[in-house]
Amino acid sequence: MALISWSPITILNWVFVGVGFGVSVFFLLRNLFPVLSATDRQTSKVLLFVVLGLHFGLSIAIKVLFFAHGSPALKTPPPPETEKPAMFLF
């Protein structure tokens, strides 16, 4: 998703991050299924919401900070110094 999200179109980048989040959630749930099925219903719900919430936060952080199109992490370069005329003494 990182390679195809270099587009200057912001909505397209959000779609790519959403698709990446969905695919990643699928693999997370597939790997957590044995743990979730072995615990009681209340514990598995809490564990599921915590994992998905943290994963959602990571996806948003990656979108905002890694893809720097208008990112708060993007630092603007300092303005160039104005050149002073050179003074020659003859």
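Brief remarks follow.
- Consider the range 51-67 and keep the residues that are of a type outside the set (Val, Ile, Thr) and within 18 Å of Ile9 (Cβ to Cβ). The one that is surrounded by the fewest Cβ atoms within 10 Å (Cβ to Cβ) is Phe66.
- Here Leu54, Leu48 are screened, and the one residue that is touching a helix residue (DSSP H, G or I) at 6+ places or on another chain (Cβ under 9 Å), modelled with pLDDT of 65 or more and assigned to a helix (DSSP H, G or I) is Leu48.
- Remark: pairs (first residue in the range 38-58, within 24 Å of Gly22 (Cβ to Cβ); second residue outside any loop (DSSP other than H, G, I, E, B) and of a type in the set (Val, Ile, Thr); Cβ separation under 7 Å; 6+ apart in sequence or on different chains) = Leu52/Val25; His55/Val25.
- Qualifying residue in the range 3-20 (condition: in contact with a His (Cβ under 9 Å, 6 or more places away or on another chain), surrounded by 13 or more Cβ atoms within 10 Å (Cβ to Cβ) and assigned to a loop (DSSP other than H, G, I, E, B)): yes
The values are calculated or read from the model by the stated rules, or taken from the named source; none is laboratory data. Since the structure is predicted, the reported quantities are computational estimates derived from the model, not experimental observations. All Cβ positions, glycine included, derive from the backbone under ideal geometry; neighbour counts span all protein chains shown.
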